[in-house]
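See below for the structure under consideration.
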């Protein structure tokens, strides 16, 4: 089952601009993670935010979590061409089901030089 | 530490055949998960192994199976291949009590 849903599906910006991606999910979670995938390769873990946290920073990344709205956002500041990739949120469900990580369909980010 | 490795990287098979994919986790990681990624369905969880036991299973038919060896290496097998099995198969490993998963580069399977 696809729990996370990213928005927008695609985003195109200029280098130096900020990029914001959103993720919504359906059930209670223990934590939410964001991953990056470059063109058909493996995923790279970016950041994890626990259900009792509201905001977390890592370098140029800022993640927020609103458990009451079941949503999260990923902000990439001062974007670079190398940030061009697909970004996925993944939830570690607390509810029923046998899946460990449930991924959204991703946001495809293009940063134009 | 070496990362997660997957072999082979590319594979072409025909309908009805079977295939075995291999994954070597990061040294010390005992949990290995498998995911299927397709343009239509996105990333879907297949199964997770921990200490040679299947701990979680996704919603896939019995044609998809896996196993884990005592050295934590894992294999997944798909029998009676269908065109819809064409996908990128990703393996990920994680350490004990850690939610972050480390992904391999994937095996691109094409079924003709």
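Take peptide B:90-98, look around each residue's Cβ out to 10 angstrom, count Cβ atoms belonging to other protein chains, and average those counts.
The shielding value for this peptide is 2.
Between residue B:52 and residue A:38, how many nm apart are label points set 7 Å from Cα along the C-beta direction?
So the label points at residue B:52 and residue A:38 sit 3.8 nm apart.
Using label points projected 7 Å from each Cα along Cα→Cβ, tell me how many nm separate residue A:15 and residue A:81, to one decimal.
0.6 nm
What is the order of A:49, B:12, A:13, fewest Cβ neighbours within 10 Å to most?
B:12, A:13, A:49
For a quick check, take a GNM of chain B with Cα springs below 10 Å and name the residue from B:33, B:74, B:65 with the largest mean-square fluctuation.
Between B:33, B:74, B:65, it is B:65 that shows the largest mean-square fluctuation.
Give me B:34, A:34 sorted ascending by neighbouring Cβ count inside 10 Å, so fewest comes first.
Arranged by neighbour count, lowest to highest, B:34, A:34 become B:34, A:34.
The range B:90-112 to the range B:1-64: how many Å between their Cα centroids?
7 Å
Once you have the Cα-Cα distance between residue B:100 and residue B:59, take 0.36 nm times their residue separation minus that, and quote the gain in nm to one decimal.
Fully extending the segment from residue B:100 to residue B:59 adds 12.5 nm.
Calculated FRET efficiency, residue A:28 and residue B:41, Cβ-Cβ r, R0 25 Å, to nearest 0.05?
0.60
Give the order of B:14, A:27 when sorted by the count of other beta carbons within 10 angstrom, beginning with the fewest.
Least to most surrounded, the residues fall as B:14, A:27.
Would you mind calculating the relative contact order of chain B from Cα pairs under 8 angstrom and at least 6 residues apart, reporting the percent as a whole number?
Relative contact order, chain B: 36 percent.
With a cut-off of 8 Å between alpha carbons and a minimum separation of six or more residues, what is the relative contact order of chain A in percent?
Across chain A, relative contact order equals 39 percent.
Bear in mind that the values in this text are calculations on the coordinates, not laboratory data. Remember, predicted model here, so these are calculated numbers, not experimental data. Every residue, glycine as well, gets a Cβ built from its backbone with ideal geometry; the counts of neighbours run over all protein chains shown.
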